[in-house]
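**Student:** Supplied in structure tokens, the structure appears directly below.
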Amino acid sequence: MKGKIEDKDALRTALRAADFKSVRGEFKFNRNQFPVQNYYLQVVGKGADGRIMHKTIGTLLTNRGDATCRIAR
């Protein structure tokens, strides 16, 4: 794209093709441009040392797309 974002179709194509590490874990884009991703149960609280910590308890939804999308995945 080289910074030329005016061509929206080309931008969408570039985003769909992007291969990168995400803080969300692995995901892909649904046909409506929303990500298909896992959702996790997480808590923030004090650890054994008294410091605030963030802990993932488990996976709630796997490969979940936009629930309102009526376009086939």
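**Student:** Leaving ligands, DNA and RNA out of it, report the carbon-plus-sulfur percent of the accessible area of the chain at a 1.4 Å probe. Working shown, then result.
**Tutor:** Working: 3460 of 6540 Å².
Looking at the chain in its full context, I get 53 percent from C and S.
**Student:** I would also like to ask the following. How would you rank 1-10, 34-43, highest first, on the average number of other Cβ atoms within 10 Å across their residues?
**Tutor:** 34-43, 1-10
**Student:** Next question, about the same structure. What does the charge dipole of the chain about its Cα centre add up to, to the nearest 20 debye, if the Cβ of each Lys and Arg holds +1 and the Cβ of each Asp and Glu holds -1? Can you show the working numbers first?
**Tutor:** Working: 15 positive and 7 negative charges, 12 e Å.
That gives the chain a dipole magnitude of about 60 debye.
**Student:** Determine which lysines satisfy two conditions relative to K46: a Cα distance under 20 Å, and not lying fewer than 8 residues away in the same chain.
**Tutor:** Excluding near neighbours in sequence, the set is K55.
**Student:** Over the chain, with the other protein chains present, what is the accessible area per residue in square angstrom, probe 1.4 angstrom? Kindly include the intermediate steps, with their values, before the conclusion.
**Tutor:** Details: 6540 Å² over 73 residues.
The answer is 90 Å² per residue.
**Student:** If you add up the charges near N38, with Lys and Arg at +1 and Asp and Glu at -1, over every other residue whose beta carbon is less than 9 angstrom from its beta carbon, what do you get? Mind showing how you got there, number by number?
**Tutor:** Numbers: positive: R24, R64; negative: E26.
Taking every other residue near N38 into account, the sum is +1.
**Student:** A further question on this structure: With only alpha-carbon atoms counted, please give the Rg and Dmax of the chain, in Å.
**Tutor:** 17.1, 52
**Student:** Next up: Among the aspartates and glutamates, select those whose C-alpha is under 15 Å from the C-alpha of K28, and discard any that sit fewer than 8 residues away in the same chain.
**Tutor:** D19, D66
The values are calculated or read from the model by the stated rules, or taken from the named source; none is laboratory data. Computed from a predicted structure; not experimentally measured. Ideal geometry is used to build each Cβ from the backbone, glycine not excepted, and the neighbour counts take in all protein chains shown. Just so you know, the surface numbers come from the protein's heavy atoms only, side chains and all, with ligands and any DNA or RNA stripped out. Shrake-Rupley method; radii C 1.70, N 1.55, O 1.52, S 1.80 Å.
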